[in-house]
Amino acid sequence: MDGDSIGPSQDPSLLTLDHIEVGLPVAGIGSRLLAGSVDLLIATALEVAVSFSVFVGLVALGVSSQGWLTAIVITTAFLLQWGYFAGLEILMQGRTPGKAAARLRVVSAAGGPATVQGILIRNVVRIVDYLIGVPMIALDPLGRRLGDRFGGTLVLHDAAGASTRLGRIPEGWSEREVAVAESYFRRFGEMDAGQRLLLGRRLLRLVARHDPLLLERHGVDTEGDGAPEALRRVLEVEG
């Protein structure tokens, strides 16, 4: 492995930079159930209210076929369920009211922001996950339900400091490098000084490899003792 490359770990909940592991705070079954219960209550209340309104409106318009009424109400309910979760996860950057209450967030499999496509896909099979999602989450080391597997997503704890984001992303960085850098700053206070310095230098070397002009503009020394703060300044870390 290249001395400054990001590679796989034997533990799939970890991102690794040259044998220094940065953990992904994967959400457990308890917090997932809490978030899901809150969201399900809200979504069901909306579903009942809107479906009833649609039903009354159709009857008022003279639609009397029991089959058509049932089909339209079921379709409306499905669209509301899917739209509630998918729409809010897109608008709230991986969160819903339930996830916000439980401090959770949907992210990509590499730990970066979830894509719109991934969010849409993970919610298509939500009705199936109502039946098998809980055991899948409990048995999977990354806590993935069926929708997460199809959509390439994870649900992580969005605890204090998890709002850390990079204001500037170097040219050539993928979401994996971004996820490692963000996790590094979220865990900054938990590391000892030596580990902070070592990982900060290695992340700076990755910046130098992909976007050398960025470091030149800031006059950064990749091997200096101020590497962590230089990295923070170069990446314009927020949070």
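The values are calculated or read from the model by the stated rules, or taken from the named source; none is laboratory data. Predicted model, so just to flag it, every value in this text is computed and none were measured. So basically every Cβ, Gly included, is an ideal-geometry build from the backbone, and we count neighbours across all protein chains shown. Remember, those area values only see protein heavy atoms, side chains included, never the ligands or the DNA or RNA. Shrake-Rupley method; radii C 1.70, N 1.55, O 1.52, S 1.80 Å.
Here the calculated FRET efficiency for Leu41 and Arg168, from their Cβ-Cβ distance with R0 = 35 Å, stands at 0.30, rounded to the nearest 0.05. Where [x] 1.05; [y] 0.98; [z] 1.11 are the candidate values, the label of the one calculated here for Rg/Rh (Cα atoms, Kirkwood Rh) is [z]. Taking the 1.4 Å solvent-accessible surface of the chain as the whole, the part contributed by carbon and sulfur is 63%. Among Ser37, Ser31, the order of accessible area from largest down is Ser37, Ser31, computed with a 1.4 Å probe on protein heavy atoms. A simple spin-label model places pseudo-atoms 7 Å from Cα toward Cβ; at Glu236 and Val50 they are separated by 3.7 nm.
Rounded to the nearest 10 degrees, the angle from helix 66-91 to the longest Cα principal axis of the chain is 20 degrees. Translational diffusion of the range 97-142 was estimated from the Stokes-Einstein equation, with Rh taken as the Kirkwood radius over Cα pairs; at 37 °C and 0.692 mPa s the coefficient is 273 µm²/s. Computing FRET efficiency as 1/(1 + (r/R0)^6) for Val116 and Thr70, where r is the C-beta to C-beta distance and R0 is 30 Å, gives about 0.40. Here Arg149 and His210 are evaluated by their C-beta separation; at R0 = 35 Å the FRET efficiency comes out at 0.70. Accessible area per residue for the range 75-168 is 45 Å², calculated with a 1.4 Å probe on protein heavy atoms, without ligands, DNA or RNA. With a simple spin-label model that places each label point 7 Å from the Cα along the Cα-to-Cβ direction, the separation between Val128 and Ile90 comes to 2.1 nm. Projecting the Cα atoms of Val54, Val125, Ala43 onto the dipole axis of the chain, where Lys and Arg carry +1 and Asp and Glu carry -1 at the beta carbon, places Val54 farthest toward the positive end. Label-to-label distance, Glu223 versus Leu33, with points set 7 angstrom from Cα along the beta-carbon direction: 5.5 nm.
Overall shape: oblate for the range 163-211, with the ratio a/c of the largest to smallest alpha carbon gyration tensor axis at 1.5 or above and b/c at least equal to a/b.
I need the shape label for the range 171-239. Rule: rounded when a/c is under 1.5, else prolate if a/b > b/c, else oblate, with a, b, c from the alpha carbon gyration tensor. Oblate.
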